[in-house]
Amino acid sequence: MAGYSEDTGFYPSSYAWTDPAAGSQDPNNAPPNAGPNAGPSTMYNPMAYGGSPSNTAYMYSQQNNMASQQFNAVAGTMGDDIANEPPLLEELGINFDHIVQKTLAVLNPFRRPDASIMSDSDLAGPFVFCLLFGGLLLLHGKIHFGYIYGIGLLGCLGMYSLLSLMSAQGVSIGTVVSVLGYCLLPMVLLSGFSIVATLQGVVGTVCVVLSILWCSWSASKLFVTALTMDHQQILVAYPCALLYGVFSLLTIF
């Protein structure tokens, strides 16, 4: 094989190796900026990047100031947004003032309620009264949560259909659920009374009848006020009495 040396076992090469240590000792081969008085290398020279060290420090300080200003502006905007946000209960549609006014309107069926509170179809009060009604029945050994919600759903759909035909301005399903739920409060009181006394005697029957009349009259009054259905309260009170009569049967039996 051409060029192969059997003595060394290698091919010949024209590469010449130079010792870097020996080259560094030769002053003629030293780099231009080498020596005891040489300045910093170009790689670390701030002048190579377009300015002196003071200008570079000023540039970085300006960038830090701009970043701080942007952060403060964003933080200030977020703080203003948080300060201007409405309360959480208001976002959820829970107005304690309207809840108290509707509850007082149910407890006093002879006082005419404010029509403005009926525009707020909140469901917080009805939900609490339904849970309280079922909880008091549970203390009496009656597990009727499914019946309460089932009868309430059918009653709300029936009253919504009836009031849609009777009212000229129409009615929303939220208003129907809200009114019927709030007017369940006398039935809640009846279920609490049933824990300490029986409802199958004369006194119990009188209490049941009064509770049904109380619930139906309060509900019809609220419906008439909200829908401006003048001289139709008796017509609205009759189906309400049928609905609350079913709830009273759950309380008795």
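Here residue 143 passes the criteria (1) open to solvent by 50 Å² or more (accessible area, probe 1.4 Å); (2) part of a helix (DSSP H, G or I); (3) over 18 Å from residue 224 (Cβ atoms) except the one numbered (2). crowded, with 22+ Cβ neighbours inside 10 Å and touching a residue at least 24 places away in the same chain (Cβ under 8 Å), is that true of residue 222? When the stated conditions are applied, residue 222 passes them. Could you say which residue among 253, 247 is at pLDDT 90 or above and of a type in the set (Phe, Trp, Tyr)? Of the residues listed, the single one that is at pLDDT 90 or above and of a type in the set (Phe, Trp, Tyr) is 247.
Residues checked against (1) over 36 Å from the mean Cα position of the chain (by Cα); (2) among the acidic types (Asp, Glu); (3) open to solvent by 20 Å² or more (accessible area, probe 1.4 Å); (4) more than 23 Å from residue 112 (Cβ to Cβ):
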residue	(1), (2), (3), (4)
193	yes, no, yes, yes
207	yes, no, yes, yes
218	no, no, no, no
226	no, no, yes, no
233	yes, no, yes, no
241	yes, no, yes, no
246	no, no, yes, yes
253	yes, no, yes, yes
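Taking first residues from the range 126-137 that are open to solvent by 30 Å² or more (accessible area, probe 1.4 Å) and partners that are of a type in the set (Ser, Thr, Tyr), the Cβ contacts under 9 Å between residues at least 6 apart in sequence or on separate chains come to 132/191; 136/191; 136/194; 136/251. Sub-8 Å Cβ pairs linking a first residue in the range 198-210 that is farther than 19 Å from residue 241 by Cα and free of Cβ contacts under 8 Å to residues at least 24 places away in the same chain to a second residue that is in a helix (DSSP H, G or I) and of a type outside the set (A, V, I, L, M), at least 6 apart or interchain, are 198/204, ordered by first then second residue.
Of the helices (runs of 4 or more DSSP H) lying entirely inside the range 159-247, those carrying at least 1 residues that are in contact with a Pro (Cβ under 8 Å, 6 or more places away or on another chain) are 173-182, 202-227. Give me the pairs, please: first residue somewhere in the range 96-109 and free of Cβ contacts under 8 Å to residues at least 24 places away in the same chain, second residue anywhere and surrounded by fewer than 17 Cβ atoms within 10 Å (Cβ to Cβ) and among the charged types (D, E, K, R), beta-carbon distance under 8 Å, and either six or more positions apart or on two chains. Taking only residues 6 or more apart or on different chains, the pairs are 101/114; 104/111. If residue 169 passes every condition in (1) in contact (Cβ under 8 Å) with a residue 60 or more places away in the chain; (2) open to solvent by 10 Å² or more (accessible area, probe 1.4 Å) but one, which one does it miss? Going through (1) in contact (Cβ under 8 Å) with a residue 60 or more places away in the chain; (2) open to solvent by 10 Å² or more (accessible area, probe 1.4 Å) one by one, residue 169 breaks only (1).
For every residue, the table says whether it meets (1) at pLDDT 80 or above; (2) more than 21 Å from residue 241 (Cα to Cα); (3) of a type in the set (Lys, Arg).
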{"site": "76", "(1), (2), (3)": "no, yes, no"}
{"site": "90", "(1), (2), (3)": "no, yes, no"}
{"site": "97", "(1), (2), (3)": "yes, yes, no"}
{"site": "116", "(1), (2), (3)": "no, yes, no"}
{"site": "126", "(1), (2), (3)": "yes, no, no"}
{"site": "135", "(1), (2), (3)": "yes, yes, no"}
{"site": "157", "(1), (2), (3)": "yes, no, no"}
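The values are calculated or read from the model by the stated rules, or taken from the named source; none is laboratory data. In this text, all values refer to a predicted model and were calculated from it rather than measured experimentally. Positions of Cβ are backbone-derived with ideal geometry, glycine not excepted, and every protein chain shown enters the neighbour counts. In case anyone asks, the SASA skips ligands and DNA or RNA and just uses the protein heavy atoms, side chains included. Shrake-Rupley method; radii C 1.70, N 1.55, O 1.52, S 1.80 Å.
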